[in-house]
Amino acid sequence: WQLAIEAEKPSILALSRQNLPALRTEIVEGNPSSKGAYVIAGGKDADAVIFATGSEVAIAVSSLDLLSQQGISGKVVSVPSMELFFAQSQEYRDSVIGKPKAKVAIEAGIEMSWLKLLGDRGRFVGMHSFGASAPAEKLYEHFGITANAIVEAVMAQL
């Protein structure tokens, strides 16, 4: 909301009605969202990087334990604004993404905008059709937007 108020161009706040966990619980200097993307959970030099936005960030974070059980290190990158992220220096973008062996993006949306981050090998966990209507938990299950699907997408790349 801070960035939307300070913006000199139109912006949008997309809010959720879901009961989501608080993921950023520590006070940090500055606003990590101002750079468009930042590491919200996991280790620095991870085998897998999971990009997520909105309510799917919580699903991505929950996949880290499942990956760890498979002996795979992971990190979650919250991406509130690709436009702001790609406006950052290459050095910053590299520091956030690292050199993972696997890349996965998760969103209750379509794949197209994520391809720039995923490259040729990365995998997308999300929707491939529209029109379904149900409570969020049922839709996530219907479309396969789950922590298990993230693990499968990572494993397919390793």
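None of the figures in this text is laboratory data; all of them are computed from the coordinates on show. None of these values were measured; they are calculated from a predicted model. As a convention, Cβ positions derive from the backbone with ideal geometry for all residues, glycine included, and neighbour counts pool all protein chains shown.
Cross-link list LYS9/LYS103; LYS9/LYS116; LYS35/LYS101; LYS75/LYS99; LYS9/LYS75: which exceed 21 angstrom alpha carbon to alpha carbon? In this structure, LYS9/LYS103; LYS9/LYS116; LYS35/LYS101; LYS9/LYS75 exceed 21 Å between Cα atoms. Where only DSSP H runs of four or more residues are counted, the chain gives -9500 deg cm²/dmol as its mean residue ellipticity at 222 nm, each run worth -39500 (n - 2.57). If you plug the beta carbon distance of SER89 and ALA132 into 1/(1 + (r/R0)^6) with R0 = 30 Å, you get a FRET efficiency near 0.15. Per-residue extension of 0.36 nm, minus the Cα-Cα distance of LEU3 and GLU26, leaves a gain of 6.3 nm for this segment. Listed by chain and number, the aspartates and glutamates placed with their C-alpha closer than 14 angstrom to that of LYS44 are ASP94; residues fewer than eight positions away on the same chain are left out.
Once you reduce the range 1-34 and the range 105-158 to the center of their Cα atoms, the two points are 23 Å from each other. Once the chymotrypsin sites (Phe, Trp or Tyr not before Pro) in DSSP loops with at most 12 neighbouring Cβ atoms within 10 Å are cut out of the chain, the longest remaining piece is 2-129. For the range 8-112, GluC sites (Glu not before Pro) are listed when DSSP marks them as loop and at most 13 other Cβ atoms sit within 10 Å of their Cβ; the list is GLU8, GLU26, GLU29.
Please compute the net charge surrounding ALA132, taking Lys and Arg as +1 and Asp and Glu as -1 over other residues with Cβ under 12 Å from its Cβ. Spelling it out: positives minus negatives among the neighbours equals 0.
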